[in-house]
1. Just the residues that are surrounded by fewer than 24 Cβ atoms within 10 Å (Cβ to Cβ) and either without any contact (Cβ under 8 Å) to a residue 40 or more places away in the chain or outside any helix (DSSP H, G or I) (or both), please, taken from the range 28-37.
2. Looking at L85, L105, L160, which is the one that is farther than 26 Å from T2 by Cα and either in contact (Cβ under 8 Å) with a residue 12 or more places away in the chain or of a type outside the set (F, W, Y) (or both)?
3. May I ask you to list the residues in the range 1-33 that are modelled with pLDDT of 95 or more and of a type in the set (D, E)?
4. So which residues in the range 4-21 are open to solvent by 80 Å² or more (accessible area, probe 1.4 Å) and either closer than 20 Å to V102 by Cα or β-branched (V, I, T) (or both)?
5. So which helices (runs of 4 or more DSSP H) stay within the range 45-135 end to end and still have 2 or more residues that are charged (D, E, K, R) and either open to solvent by less than 60 Å² (accessible area, probe 1.4 Å) or touching a Gly at 6+ places or on another chain (Cβ under 6 Å) (or both)?
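The values are calculated or read from the model by the stated rules, or taken from the named source; none is laboratory data. Keep in mind that what you see is a predicted model, and the values were worked out from it rather than measured. No Cβ is skipped: glycine too gets one built from the backbone with ideal geometry, and neighbour counts run over all protein chains shown. Protein only, heavy atoms only, side chains kept; ligands, DNA and RNA dropped before computing areas. Shrake-Rupley method; radii C 1.70, N 1.55, O 1.52, S 1.80 Å.
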Amino acid sequence: MTDHVRITDRPGGVRLVQLARPEKKNALTGAMYDAMREALEDADREDSGVGAVVFAGAEGVFTAGNDIADFVARAERSFGEAPSLRFIRQLAVTRTPMVAAVDGLAVGVGTTLTYHCDLVYVAPAATFRMPFVDLGLVPEAASSYLLPRRIGLVKATELLLLGEA
């Protein structure tokens, strides 16, 4: 587990998964991905008592996306399946309803995560950005498939190809 993801079961069957690494704008590490994946896997157990999972950030930031230094370090020392990939695969199969409460930055996988949620609450200060084209990367986790279904093909193409907020 990690101190950077706070998992709290609240009354009414709500599991809060809060990203709590404000000094790095909640940039995601392998340990954070593992903690979120485990929270989702557990929520799907029949005896968990969890009726919904809510993803939120801390201190006015949802997440700035991947912690690039952690991402590169893991790639250099391991040939196994990355924690980010295990989390993304879990998102696709989770049966428990998922909600995102987005305030502040939601960059890269932070934006992609919301496409897998059943409901997304967005604060007025929220900013979504998918910088894949700027980084020379292919959009992850079916975002190029899911986004057009959420907001339409023309707007999705604009956001994905221009990388603007």
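1. Within the range 28-37, T29, A35 meet the criteria.
2. L160
3. D9
4. Once the filter is applied, which keeps residues that are open to solvent by 80 Å² or more (accessible area, probe 1.4 Å) and either closer than 20 Å to V102 by Cα or β-branched (V, I, T) (or both), the range 4-21 yields R6, D9, R10.
5. Per the criteria, 68-77.
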